[in-house]
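Taking it in order: structure first as structure tokens, then the write-up.
The values are calculated or read from the model by the stated rules, or taken from the named source; none is laboratory data. What you are looking at is a predicted structure, and each value in this text was computed from that prediction instead of being measured. Please note: Cβ atoms are built from the backbone with ideal geometry, for glycine as well, and neighbour counts cover all protein chains shown.
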């Protein structure tokens, strides 16, 4: 099977149909489709529709629950802890962010701990939700699944990719969006490379003996290797902070293995989020001018050899949205996995090949 190019609207309808067939209500199905397709549109295929097979596997094995409503388990106004009850991350995290934004409007700031969510997807999506409300947000996220990242100095995986995310809104310019895994590359990007049968860049992986490799198979086949953290000890230290704040502090599961449990069937996230109103900190006009002046100064740097110039955090996603607006390319292996997932849910779902006009 060849790679397919599918219009975002058609891909969105397919995801909605699949989750409706699985039992999601209309709002939940739409939120999942919005999130996954947007991840593809922004160039993050690792967190896009290729996650559907993983979700279906978790659902049929009882590791994911549909149509969940978050529970508030601790509430002191500007500080909250909510439990997602293993619900679809795209739905329960949307609910949690709505609550955090409302509290930030009321108090100026909200510190919100979210625990026990199923895979909550591209964390930048939640920063964008805050940005749309005029709020700054900072996110520390952990994941509880198959261990795929080795600590600095270690030759075995001990945690997952633990992303760090910041969103900063601006009225007259594009927002700044920082969103990266603390591993050298995201686990999903290794999955995309594995499906395409292409190597990953040097410095991202070690094999089962701890030796450097560019073969993504070491993350998905036995004997298992591991992803490395970005920037050596610095990425490792930030990953530890994300684990401690995102999970240990919020009451979520850390990456310590549970006795006798098959973690391969689950992707659970916990997250500590700080949301605040920049207008309540000082002069918004002064912030806008200072930020714009600094951006202009940074962008004025002469391009390095082989570079097309300085870009701001969030620019790559905006460029990808424009480039992919007319069609998203899904590799053949991912298409096959998605078709198999759809067959698990409903034989009546239209195939991706038909949607691509083949």
Subset of the stretch 231-285 that is part of a loop (DSSP other than H, G, I, E, B) and under 17 Å from the mean Cα position of the chain (by Cα) - its residue that is surrounded by the most Cβ atoms within 10 Å (Cβ to Cβ) = 267
Considering every residue within the stretch 275-296, establish whether at least one is at pLDDT below 95 and closer than 22 Å to residue 44 by Cα.
-> no
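For the stretch 131-147, which residues satisfy the criterion of being buried (at least 23 other Cβ atoms within 10 Å of the Cβ) and either in contact with a helix residue (DSSP H, G or I) (Cβ under 6 Å, 6 or more places away or on another chain) or part of a loop (DSSP other than H, G, I, E, B) (or both)?
Result: 135, 137, 140, 141, 142.
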Out of 124, 153, report the one residue that is at pLDDT 95 or above and on the phi > 0 side of the Ramachandran plot.
-> 153
Which listed residue, of 100, 22, 29, is touching a helix residue (DSSP H, G or I) at 6+ places or on another chain (Cβ under 6 Å) and either modelled with pLDDT of 95 or more or surrounded by fewer than 21 Cβ atoms within 10 Å (Cβ to Cβ) (or both) | 29
Across the stretch 154-177, what is the number of residues that are surrounded by fewer than 23 Cβ atoms within 10 Å (Cβ to Cβ) and within 25 Å of residue 220 (Cβ to Cβ)?
-> 6
Do we have any residue at all in the stretch 68-78 that's buried (at least 20 other Cβ atoms within 10 Å of the Cβ) and closer than 23 Å to residue 279 by Cβ?
-> no
Conditions: (1) under 18 Å from the mean Cα position of the chain (by Cα); (2) within 25 Å of residue 112 (Cα to Cα); (3) modelled with pLDDT of 95 or more. Residue 186 meets all but one. Number of the miss?
-> (3)
Within the stretch 181-225, restricting attention to residues that are touching a helix residue (DSSP H, G or I) at 6+ places or on another chain (Cβ under 9 Å) and part of a strand (DSSP E or B), which residue is surrounded by the fewest Cβ atoms within 10 Å (Cβ to Cβ)?
-> 206
All conditions in (1) modelled with pLDDT of 95 or more; (2) out of contact with any strand residue (DSSP E or B) (no Cβ under 9 Å at 6 or more places or on another chain) are true of residue 47 except (1)
Condition test on residue 43, is it within 26 Å of residue 336 (Cα to Cα) and without any contact (Cβ under 8 Å) to a residue 12 or more places away in the chain?
-> no
